[in-house]
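Below is one structure, written out as C-alpha cells, with a few remarks after it.
The values are calculated or read from the model by the stated rules, or taken from the named source; none is laboratory data. Keep in mind the model is a prediction, meaning the values are calculated, not measured. Methodologically, a virtual Cβ is constructed for each residue, glycine included, from the backbone with ideal geometry; neighbour enumeration extends over all protein chains shown. Heads up: the accessible areas ignore ligands, DNA and RNA and are worked out on the full protein's heavy atoms, side chains in. Shrake-Rupley method; radii C 1.70, N 1.55, O 1.52, S 1.80 Å.
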Amino acid sequence: MNIFITGASRGIGRAVAERYAKLGHKVVLAARDLRLLEDLSGSINSSGGESFFCECDVTNIDNMKAAIAFAEDKLGHIDVAVLNAGISGSPKFANMDSEEFKRIFQVNVFGMINGFEAVVPGMKARKSGTIVGVSSLADSRGMPESGAYSASKAAVTHLLDSARIELKHEAVKVINVRPGFVETDMTSVNKFKMPFLMDSKKAATIIIKGIENGKSRIAFPRIMNIAAYILKILPGTIFDFLFRNWKRD
C-alpha cells in the first residue's frame with residue numbers, strides 16, 4: 001500500500017511511518033521539520049524500506065495540496081492518508097491568550113480540514129482510499145487547563161464522524177483514532193500524572209492493526225476509553241462536583 005502521513009517527524013506519526021515501512025509499504029513523510037524527516041527517511045531506506053519526504057505546514061492549504069501532489073507523484077496514488085499533525089497546550093482562562101487558542105485550532109482542526117480538501121479529490125476520482133484522522137480521548141470533556149486542546153479534539157472527532165458518513169458514498173473510508181496518553185515530545189512536557197502512558201511503537205501497532213481490520217473508530221487504551229466515556233456522560237453537576245477542589249497553580 002501507499003501511505004501518506006502528516007506530523008511524521010515525531011511521536012505517533014513517526015512510529016506509524018516506521019511500522020508501515022517495516023511491513024513493506026511505501027510511505028511519504030510530511031512535517032515542518034525537514035531535518036528530522038531526512039533522518040527518518042534515511043533510516044527507513046537504509047533498512048530496506050521505501051520512503052520519501054516533503055515539508056508540509058498543514059495550516060497552509062497550498063502547502064498541504066503541494067504535499068499531496070508530491071505524494072501522488074512519488075507513489076502514483078495514496079491508499080491511506082494519516083492526518084496526524086497536531087499540537088497540545090491550552091492557555092488558562094484567567095490569563096487568556098486568544099492567539100495561542102487560535103494556533104491550536106489552526107493546527108488541530110483546520111490542519112485536518114486542509115488535509116481533507118487536499119486528499120479527497122484523488123481518492124474520490126479513484127473510488128478508493130482511507131483517511132485516518134488522529135483525534136484524542138481528550139475530546140470527551142473540557143478539562144481544567146485543557147480547554148483549547150480538548151475543544152479542538154472534540155471538533156476533530158465531530159468532523160470525522162460527519163466525513164465518514166458523507167464520504168462512504170464516494171467509497172472513501174474515514175477512521176477516527178482516539179489515543180490516550182502516548183509517550184511523545186508533546187506529552188513529555190506534561191507536569192501531571194498520565195495514567196496508562198503508552199509507548200508510541202505500541203500505539204502505532206494498535207492503529208495499523210485497527211486500520212487493517214477495517215475499524216471506523218480506534219480508541220486506546222481500553223480502560224482510558226471507558227473512563228473517557230463515563231466522563232462524557234456524567235451530568236454537569238457531578239462533573240463540577242468532582243472538580244470542586246481544583247485550584248490553578
| query | Quick one: would you say Ala67 is within 23 Å of Lys153 (Cβ to Cβ), in contact with a Leu (Cβ under 6 Å, 6 or more places away or on another chain), aliphatic (A, V, I, L, M) and in contact (Cβ under 8 Å) with a residue 24 or more places away in the chain? | reply | no
| note | Scanning the range 75-103 residue by residue, the ones that are without any contact (Cβ under 8 Å) to a residue 60 or more places away in the chain and buried (at least 17 other Cβ atoms within 10 Å of the Cβ) total 2
| request: Determine if the range 104-111 includes at least one residue that is in contact (Cβ under 8 Å) with a residue 12 or more places away in the chain, open to solvent by 20 Å² or more (accessible area, probe 1.4 Å) and touching a strand residue (DSSP E or B) at 6+ places or on another chain (Cβ under 9 Å). | output: no
| said: Every residue in the range 201-226 that is assigned to a helix (DSSP H, G or I) and touching a residue at least 24 places away in the same chain (Cβ under 8 Å), please. | reply: Lys201, Ala203, Ala204, Thr205, Ile207, Ile208, Gly210, Ile211, Ile223, Met224, Asn225
| If you scan the range 21-61, which residues turn out to be assigned to a loop (DSSP other than H, G, I, E, B), open to solvent by 50 Å² or more (accessible area, probe 1.4 Å) and within 15 Å of Ile3 (Cα to Cα)? | Leu23, Gly24
| task | Give Asn213, Asn176 a once-over and let me know the one that is loosely packed, with under 11 Cβ neighbours inside 10 Å and at pLDDT 95 or above. | result | Asn213
| query | When residues of the range 141-158 are filtered for being outside any helix (DSSP H, G or I) and open to solvent by less than 30 Å² (accessible area, probe 1.4 Å), how many remain? | reply | 1
| remark: Residue hits (the range 1-20; within 17 Å of the chain's Cα centre (by Cα), assigned to a strand (DSSP E or B) and not β-branched (Val, Ile, Thr)) are Phe4
| Going by the structure shown, is Asp185 modelled with pLDDT of 85 or more and open to solvent by 40 Å² or more (accessible area, probe 1.4 Å)? | no
| said: Can you tell me which of (1) without any contact (Cβ under 8 Å) to a residue 40 or more places away in the chain; (2) under 26 Å from Asn213 (Cβ atoms) is the one Pro121 doesn't meet? | reply: (2)
| remark: Across the range 123-140, the tally of residues that are outside any loop (DSSP other than H, G, I, E, B) and open to solvent by 40 Å² or more (accessible area, probe 1.4 Å) stands at 3
